[in-house]
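Please read the structure below before turning to the comments.
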Amino acid sequence: MRLKRFAPLLAAAGLIASTVPLLTATGVSAAPVADHLRQKPAWHRCSPDQPASYECATLKVPLDYRRPEGRTIDLAISRIKSENPAKRHGAMLLNPGGPGGSGLDLPLMMNELMPKDVREQYDLIGFDPRGVGASTPITCGLTDSEQNIDRPYRPESFPSDVAWARSVADKCREKAGSVLPYITTRNTARDMDTIRTALGERKLSYLGYSYGTYLGAVYSQMFPERTDRFVLDSGVDPQRIWRGMLQVWATEAEPAYARWTQWAAERSGEYGLGDTPKAVSDTFWGLVARADRDPIDLDGQKVTGDNIRAARAVFFYPAQATPMVAALKAAAEGKPLPAGPAVAEAKKLLSGAPAAEPASDNGTAVFWAVVCGDTGTWPRYTEQYERDAAKDKVRYPLYGDFASNIKPCAFWQRPVEAATPMRTWANVLTVQNEWDSQTPLTSGQGLHRALKGSRMVLAAGGEGHGVYLADPNSCANAPVNTYLTTGQLPAEDVTCQNPAGGTERRESLSPSSPSRPLPFPAGPNRF
């Protein structure tokens with residue numbers, strides 16, 4: 001009943017005073033509590049080779065929350081409790097990004113990285129989102145080549161790109177069709193609230209990176225009264241989900257590329273790429289054209305022009321991009337390759353191979369389930385993708401055609417529900433690096449604008465995807481720590497200056513994962 005909406009009318013008729021007691025007197029009872037809201041975690045030690053304080057449990061959650069008594073799936077959760085009950089504020093849920101990133105072991109990482117005065121306030125709670133890892137994982141049965149999202153537009157190859165997109169959508173329906181429609185951000189937010197209920201918490205605090213910022217934003221809109229201290233780090237713009245978030249990789253690669261040419265020109269004596277930004281750019285595009293005609297042999301690895309453009313993320317990191325291009329230039333000219341690790345790093349950045357992870361398409365399957373299933377705004381006509389890719393190849397030459405080319409979402413089933421509108425006041429803290437390749441600054445600013453009541457901490461000059469605790473020297477760490485310890489947002493947005501020079505970044509939020517150039521969560525083309 002919407003008593004608030006009708007309160008003035010009812011009061012005028014003298015009905016509120018008589019109606020509400022009548023409902024109580026006649027013994028009308030509340031609806032029965034669903035099974036998933038009555039369960040309590042059966043905590044146990046996660047692994048003999050992990051600390052005893054790191055505990056795991058499995059909850060059962062509805063596959064479809066519209067049918068809470070229907071089919072259930074597993075939800076794997078973990079925790080490390082606060083060691084100071086007197087200072088404990090509550091539970092903090094953690095998410096590394098994705099979609100498709102596992103967060104089960106994040107309490108181990110955060111337990112080590114968080115300052116003591118922050119750490120002791122929270123039970124740290126990890127979880128594998130639905131469909132991921134230990135939470136009833138899904139698969140589409142995709143091969144390594146089918147998992148490759150980097151498909152440049154060429155008129156002659158576009159039909160094969162369409163065939164790839166259709167094949168991925170068909171395989172996902174065949175392998176996981178009964179589950180796929182329910183692997184969405186809104187359902188994962190509902191899972192988060194089920195975790196809150198199972199923990200016995202009135203409210204939930206949260207630290208989410210990258211895609212995890214959108215997940216946290218959706219939770220704040222669906223469950224505003226249960227949203228406590230929320231830090232959304234490296235923001236996804238809710239107005240861009242999800243095609244626009246792929247396309248922003250292209251638009252924002254261009255200013256990053258321009259910044260790189262300036263950086264490289266200032267070091268022309270060391271790298272020899274040109275002494276002006278234009279000369280550096282001419283060198284770069286000359287290498288792309290050369291590699292398009294005849295792939296460059298980089299220490300036994302054949303590098304095409306498309307391989308070079310697909311490495312667009314590296315140009316947000318001039319100190320990495322410049323040695324890579326210098327190594328390519330030396331190889332193209334038949335000169336001795338640079339000494340040291342530059343060639344190995346260049347080969348890794350240009351290989352286009354997926355990051356080392358379990359031989360599975362689980363992360364990719366969840367990625368497409370969420371990206372395609374969250375919103376019905378994906379174009380359905382192949383002709384639009386072809387037009388957009390051809391146009392954006394000219395407008396954003398580094399990556400425009402990759403970003404706008406056809407995706408499996410063109411052939412995905414229609415979403416079960418609409419995307420979440422951002423209308424509710426949200427007292428959350430957003431955090432952003434100025435030079436973030438995966439969720440660029442304009443995206444983080446879009447998240448901040450969408451969440452009325454939020455504050456933003458911007459690390460000016462900050463490079464890298466992921467800010468808080470990922471960069472131990474980031475100027476953003478202090479205001480985030482203050483918010484997490486006091487619960488008080490800054491009085492206004494904060495822009496701080498990151499230390500000059502290279503920063504020591506922690507390259508993964510997972511202690512069991514290999515080092516990657518971009519940490520969250522699985523390589524250069526994820527959120």
Inset, instruction - Residues in segment 441-477, backbone N under 17 Å from the label point at A258 (7 Å along the Cα-to-beta-carbon vector): list them, ranges by number please. - result: 441-443, 461
Inset, instruction - Just grab the label-to-label distance for R226 and D282, each label 7 Å out from Cα along the Cβ direction, in nm (one decimal). - result: 6.2
Inset, instruction - Sort out for me the Cα centre separation of segment 219-251 from segment 413-481, rounded to whole Å. - result: 7
Inset, instruction - Return the Rg/Rh value of segment 75-148, two decimal places, where both radii are evaluated on C-alpha atoms and Rh is the Kirkwood radius. - result: 1.14
Inset, instruction - Report, to the nearest 10°, how far helix 441-450 tilts away from the longest principal axis of the Cα atoms in the chain, using its own Cα long axis and a range of 0 to 90°. - result: 20
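If the viscosity is 1.567 mPa s and the temperature 4 °C, what Stokes-Einstein diffusion coefficient in µm²/s follows for the chain when Rh is the Kirkwood radius over Cα pairs?
53
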Inset, instruction - Could you tell me how many degrees, from 0 to 90 and to the nearest 10, lie between the Cα long axis of helix 3-12 and the main elongation axis, the longest principal axis, of the Cα atoms of the chain? - result: 40
Inset, instruction - For the chain, build the charge dipole from Cβ charges (+1 Lys, Arg; -1 Asp, Glu) around the Cα centre, then report which of V480, N427, P68 sits farthest towards its positive end. - result: P68
Inset, instruction - Rounded to whole Hz and in sequence order, give me ³J(HN,Hα) for segment 212-224 from the Karplus expression 6.51 cos²θ - 1.76 cosθ + 1.60, θ = phi - 60°, writing x for Gly and Pro. - result: x, 5, 5, 4, x, 4, 4, 4, 4, 8, 7, 9, x
Legend entry - Whole-Hz ³J(HN,Hα) from phi, Karplus 6.51 cos²θ - 1.76 cosθ + 1.60, for segment 415-426, glycine and proline x: x, 5, 9, 6, 5, 7, x, 9, 10, 8, 4, 9
Inset, instruction - Could you go through segment 150-166 in sequence order and give the Karplus-derived ³J(HN,Hα) for each residue, using 6.51 cos²θ - 1.76 cosθ + 1.60 with θ = phi - 60°, rounded to whole Hz, and x for Gly and Pro? - result: 7, 10, x, 8, 9, x, 6, 9, 4, x, 6, 5, 4, 4, 4, 4, 5
Inset, instruction - Beyond 18 Å between alpha-carbons counts as too far, so tell me which of K278/K391; K171/K391; K81/K203; K302/K347; K87/K116 fall in that bin. - result: K278/K391; K171/K391
Legend entry - Spin-label proximity, K335 to segment 250-283 - amide N less than 20 Å from point 7 Å beyond Cα toward beta carbon: 261-283
Legend entry - Amide H contacts of H465 (H built 1.01 Å from N, under 5 Å, at least 5 apart or other chain): S437
Inset, instruction - Treating the Cα atoms of segment 244-338 as identical point scatterers in vacuum, please give the log10 of the normalised Debye intensity I(q)/I(0) at q = 0.16, 0.21 Å⁻¹, two decimals. - result: -0.63, -1.06
Inset, instruction - Subtracting the Cα-Cα distance from 0.36 nm times the residue separation, let me have the gained length for A491 to R166 in nm, one decimal. - result: 112.1 nm
Legend entry - Extension reserve of the N84-A418 stretch, reckoned as 0.36 nm per residue once the Cα distance is removed: 116.0 nm
Inset, instruction - May I ask you to compute the full-extension gain from S47 to R66, defined as 0.36 nm times their residue separation minus their alpha-carbon distance, rounded to one decimal in nm? - result: 3.3 nm
Legend entry - Protection-proxy order for peptides 254-260, 105-111, each taking the mean of Cβ atoms within 10 Å per residue, highest first: 105-111, 254-260
Inset, instruction - Enumerate the amide H contacts of I406 below 5 Å, restricted to partners 5 or more residues apart or on another chain; note that Pro and chain-start residues carry no placed amide H. - result: none
Legend entry - Estimated 222 nm signal from helices in the chain, with DSSP H stretches of n ≥ 4 weighted -39500 (n - 2.57), rounded to 500: -11500 deg cm²/dmol
Legend entry - Packing rank of 479-488, 367-376, where each peptide gets the mean count of other beta carbons within 10 Å, highest leading: 367-376, 479-488
Inset, instruction - Scan around V494 for amide H atoms under 5 Å from its own, H built in the peptide plane at 1.01 Å from N, and keep only partners 5 or more places away or cross-chain. - result: M456, V457, L458
Inset, instruction - Could you rank the peptides 180-186, 127-133, 71-77, 320-326 by their average count of other C-beta atoms within 10 Å per residue, with the highest value first? - result: 127-133, 180-186, 320-326, 71-77
Legend entry - All-pairs alpha carbon distance profile, segment 20-151, 5 Å steps from 0, percent: 2, 9, 14, 16, 15, 13, 10, 8, 6, 4, 2, 1, 1, 0
Legend entry - Fewest-first ranking of C172, C409, using other Cβ atoms within 10 Å as the exposure measure: C409, C172
Legend entry - Acute angle (nearest 10 degrees) that the helix 318-332 long axis makes with the longest principal axis of the chain, alpha-carbon atoms: 40
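Here, each number is a calculation from the coordinates, and none is a lab measurement. Computed from a predicted model, the values in this text were never measured in an experiment. Heads up, the Cβs are rebuilt from the backbone with ideal geometry, glycines too, and the neighbour counts pull from every protein chain shown.
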